[in-house]
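Inspection log for the structure reproduced underneath, given as structure tokens.
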Amino acid sequence: MKTLIHLKVNGTEQEVAVEPNRLLVDLLRDELGLTGTKKGCGTGECGACTVILNGKPVNSCLVLAVRANGGEILTIEGLKPPGGLHPIQKAFVEKGAIQCGFCSPGMILSSYSLLQKNPRPSEEDTREALSGNLCRCTGYQKIIEAVQDAAARLTSKSTGTRR
Amino acid sequence: MKDYSVINSRAARIDAPDKACGNANYIDDIRVPGMLFGALLHSPLAHAKILRIDTSKAEKLAGVKAVVTARDAGTAKYGVSPARYDETLFCLDKVRYVGDEVAAVAAVDPETAFEALSLIQVDYEALPAVLSMEEAMAEGASLVHDEYAGNIAAEVHHEFGDVEAALAQCDLIRTDTFKSKRQDGGFLEPQGCIAECDSRGYLTLRTSTQVPHYVQRTVSMVLGIPIGKVRVMKPYVGGGFGPKASASAMEISACFLAMKTGKPVKMNFTREEVFLHCRARHQFVHTLTTGVKKDGTILALKNECHLEGGAYSSFGIATVYYAGSLLGGPYRLGNMKYDGYRVCTNKPACGAQRGHGGVIARAAWEQQLDCIAEELGMDPIDFRLKNIMEAGNVSCNDLRMNSLGMKECIEAVREGSGWGQKKGRLPRGKGIGMACGFFVSGAGYPIYRSDTYHATVTIHLAEDGEGIHVYTASAEIGQGSDTTLAMIAAETLGIPLDSVRISSGDTDFGVDLGAYSSRQTLMTGHAVKEAALDVRRQIIDVLANELRVDPAEFDVKDGVVVFTHEGVDFTHIRKRYLNEHRGWRGLPEGNESLTFQEAARIAYLAKGSIIGKGRYKPLPLGGTHKGAAVGTSPAYGCSAQVVEVTVDMETGRITVEKMTDAHDCGFAINRTSVEGQMQGSLSMGLGEALFEEVKFDAKGRILNPDFAEYKIPTCLDMPNVGTIIVESHEPYGPFGAKEVGEGAIMPTIPAILNAVYDATGIRFHELPLTPERVFMALREKHIEKDHKTSVEGSKIHG
């Protein structure tokens, strides 16, 4: 039996009929075509499927789609402003934080979530916040540098707006 | 130092924006209309005879389109090295490990495919399984393959110089045994593929591979289709590190099912299947005997190695050679004996992983060298420097170091880490250690014996002259080869990186042996450079003719034609170009310099499509002994590392506090990418040193086939690395470049081991250094110390 659920994904209202055992990651990837969300393990261990659900980062492979009913979701596709990159994406590109790129969408969304809560995180805060996102390529150093760089860009930008 | 416009910079990777936005397509992101989903039936037993396979129930299930076994697919043997083809697509008469492939199905959706698997009835007769090297080598042990007597699938016996005579002259001889554990690749993207077969029998396989070329050959050979009818395409790949460097049963099954059903077939490994099909690092047990003179000169090394290979040979014949040959350097060593044995067991097959075959040999030896330095009363760095090879040296097993910045690397980490202030001066529980290593920049020979080119490349000039398109079958798997190769093309032609487009990873684009043995930058880089020079020559010939100028009198730089003298009149070229682009914006005007674009357009008008061709294969390398090919390379990268650790003396928990790494990559095409390879290598080495181990139960089943129980480093485990690039300008590398992707892992494990010894006074001879292992050793040492104190009443150092 399918259930009709309503979601707001990247600002767009969606109405989808889903099986009760459908995972959010599969809903996003298979039904909505949002394949930027990656599936690395399917059991909540690698963090590649991280999305922002109601303001919090979640492993979308551990969330049943029906549980996201009425929720608001941000995926990697929704982060990019038109005609450019989000400052976090920009920092990841410029600092060499991306190698194979399979962890990048999840890593970037975890970073986004961190910077929402803590605009000037220390290196330790950053490592703590990203510890649920595995990366086998980079040794994490350039990722941490990118997040620090993005934090600097975002805070200087917001200071600028206030003035 | 030459002035470069594109290379040696920190250019952002060309694939990074798409990857950052979720626009980069990996295999599981691709869907083809009407595609079926395939799944593999794995053996539940480690060793058993297959008595009967009944697929009738599965075939009757609604939605199932094909069920195939060895009866359908045949029993053509394949593997990695033709010297040890010992696999068939599906098991015919027996299974050899838990996970061995017995059948495959294709169905309308994954759920139906999995249900169909459960309906296949297989009757087995269990056979005794051998699950460790000890069991496998025991008298009368059950044989994994009848043709491998004593379960030894491959053995190597080499001697260079005269080891016994050299040992007789040594003042100090030391023997140690060192044991590692099976490692998993731990890449984030599970393997997947999509196979399609058109009505004329042309097969297209999209797959997450490091080696489109070898997959193409294997599919062609096993399924009996001409190579020209098999196209292998690699989408973006989420890491490989070795385990994706050979054709898998999944890839061949998908092709077979696509041929059988006439429909596209998609298959994916679950994370558990990734572990089952690991083909990653073997377990190694090395017994090393090293002899030195009192002054620290290393005279001889005896190396005996057993490696546990699992049920099939895969890369193993190369692995068993590498475990010997890669100790030929980076120290001057006149006498070396190696006896290597690859042992079959009823466990998943092992293959290649970053630092193929050499990582544990290196760990064992670099730790032993530290012990020897201590016994000689020498600083470990001084001891190494005393024996270090230099550019121009040839190892006793015929590895030629045309460039080698080993000494520079050691000096860089000594200074960069503050070694002098720290070594021997850290408090109990804190330690510092160092080690060195080197690795090939591309295997000197293909995996199959052949005179093939290792890389062929074409570069097409856009007809409007705006830019070029590089076509290569090389494999971007995350290491950054697309960007590196595009940078080489841009630099060679004198145009900006933005004017270069690259399409890679497709067997229709040429021959390229792929991403393994750290070969893309050097080998494909050469072919790209040659193709770019060809394009350049074709453009310049036309231009020289048009302008009546000698080709030597101008150059192209930053997209502009630069003349060695003034007064060259190119107005007729500009006029012609402008005439062809009426209504266009941003056109060159007036007296501004002649652009590459104008010159290239003129060349196209004169000659038609301009295509540059490049190719590369190394000159013959190595000695004449059996197996001399393994370890040869046109160039060798090398590195030195210093690691600082804290060991919790109560719990045994090790924290790696700081790492300093210097790597000689010859010449950094992209400095950011070189650092990224170094840092990533160290992270993988740290994981193997501290926690990674694939564990099995008594029935040969993997106990930890997931990232919860098989731990790879997180960002809390991995410290920042002082990353130092050393450039020795390799004469046989494009622009002087050589490897970085694997050599950088070599010193990591022994540097950690040596630091842990410095912190605890304990030498560990078995990996990984889990808190439990360290705690037990600390406790034992404590008991021993108490005992000695009470017996001798003397203070023990440590």
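The share of C-alpha pairs in the protein assembly as shown whose separation exceeds 55 Å stands at 14 percent. For the stretch A:34-163, the Kirkwood radius over C-alpha pairs fed into Stokes-Einstein at 4 °C and 1.567 mPa s yields D = 87 µm² per second. Dividing the convex hull volume of the alpha-carbon atoms in the stretch B:211-350 by its residue count gives 158 Å³ per residue. Shape summary of the stretch B:568-654, radius of gyration then Dmax from alpha carbon positions: 29.4, 83 Å.
Summary of the geometry: the stretch B:431-492 and the stretch A:43-117, compared by the centres of their Cα atoms, lie 31 Å apart. Remark: the stretch B:391-438 projects, on average over all directions, an area of 4.5 nm² (convex hull of Cα atoms).
Positive end of the dipole of chain B (Cβ unit charges, origin at the Cα centre): among B:Q641, B:G392, B:G63, the Cα lying farthest that way belongs to B:G63.
Taking a sphere under 11 Å around the Cβ of B:A39 and counting the other residues whose Cβ falls inside, with K and R at +1 and D and E at -1, yields a net charge of -4. For chain B, list log₁₀ I(q)/I(0) at each q in 0.07, 0.08, 0.11 Å⁻¹, using the Debye formula over Cα point scatterers of equal strength and ignoring solvent, two decimals each. The calculated log intensity ratios at q = 0.07, 0.08, 0.11 Å⁻¹ are -0.55, -0.71, -1.22. Taken over the stretch B:307-347, the convex hull of the Cα atoms encloses 55 Å³ per residue. Put simply, when A:47-57, B:156-166 are sorted by average Cβ atoms within 10 angstrom per residue, most first, you get A:47-57, B:156-166.
Kirkwood's formula applied to the C-alpha pairs of the stretch A:87-162 gives a hydrodynamic radius of 12.2 angstrom.
Just the Cα atoms of the stretch B:634-675, one point each, no solvent: what log10 I(q)/I(0) does Debye give at q = 0.21, 0.25 Å⁻¹? Summing over Cα pairs of the stretch B:634-675 leads to -0.75, -0.89. When B:W419, B:W584 are sorted by how many other C-beta atoms sit within 10 angstrom of their C-beta, beginning with the fewest, the order is B:W584, B:W419.
Its residue count N fixes a reference of 2.2 N^0.38 Å for the stretch B:1-92, and the Cα radius of gyration divided by that reference is 1.90.
When the charge dipole of the stretch B:256-301 is built from unit charges on Cβ atoms (+1 for Lys and Arg, -1 for Asp and Glu) and taken about the Cα centre, the candidate among B:F256, B:H277, B:A300 whose Cα reaches farthest toward its positive end is B:F256. Projecting the Cα atoms of A:I88, A:C103, A:I144 onto the dipole axis of the stretch A:87-162, where Lys and Arg carry +1 and Asp and Glu carry -1 at the beta carbon, places A:I88 farthest toward the positive end. Among A:S113, B:S518, B:S118, the order by Cβ neighbours within 10 angstrom, fewest to most, reads B:S118, A:S113, B:S518.
By other beta-carbon atoms within 10 Å, ranking B:F178, B:F439 with the fewest at the front produces B:F178, B:F439.
Taking the centroid of alpha carbons for each part, the stretch B:219-239 and the stretch B:126-149 are 34 Å apart. Peptide A:32-45 shows a mean partner chain C-beta count of 6 within 10 Å per residue C-beta.
With charges only on Cβ, +1 for K and R and -1 for D and E, what is the dipole size of the protein assembly as shown about its Cα centre, in debye, rounded to 20? Its charge dipole is roughly 940 debye.
Quick one: net charge of A:S60's neighbours, Cβ under 14 Å, K/R +1, D/E -1? So the surrounding residues net to 0. Remark: the stretch A:87-162 carries a charge dipole of roughly 260 debye about the Cα centre, counting +1 on each Lys and Arg Cβ and -1 on each Asp and Glu Cβ. Across the alpha-carbon set of the stretch B:521-582, the Rg to Rh ratio works out to 1.07, Rh being the Kirkwood radius.
For the stretch B:524-612, trypsin sites (Lys or Arg not before Pro) meeting the loop criterion (DSSP other than H, G, I, E, B) and having at most 15 other Cβ atoms within 10 Å: B:R548, B:R582, B:R585. For the stretch A:3-79, the Cβ-based charge dipole about the Cα centre amounts to some 220 debye (Lys, Arg positive; Asp, Glu negative; other atoms uncharged). With N the number of residues in the stretch A:3-79, Rg(Cα) / (2.2 N^0.38 Å) evaluates to 0.95.
Other residues with beta-carbon under 15 Å from the beta-carbon of B:C344 carry, at +1 per Lys or Arg and -1 per Asp or Glu, a net charge of -2. Here's how it looks for B:S9: its modeled amide H is under 5 Å from those of B:R671, which are all 5 or more places away or on a different chain.
Rule-based calculations on the coordinates, nothing more; no lab input. Quantities reported herein were computed from a predicted structural model and do not represent experimental measurements. Neighbour counts are summed over all protein chains in view; Cβ atoms, including those assigned to glycine, are modelled from backbone coordinates with ideal geometry.
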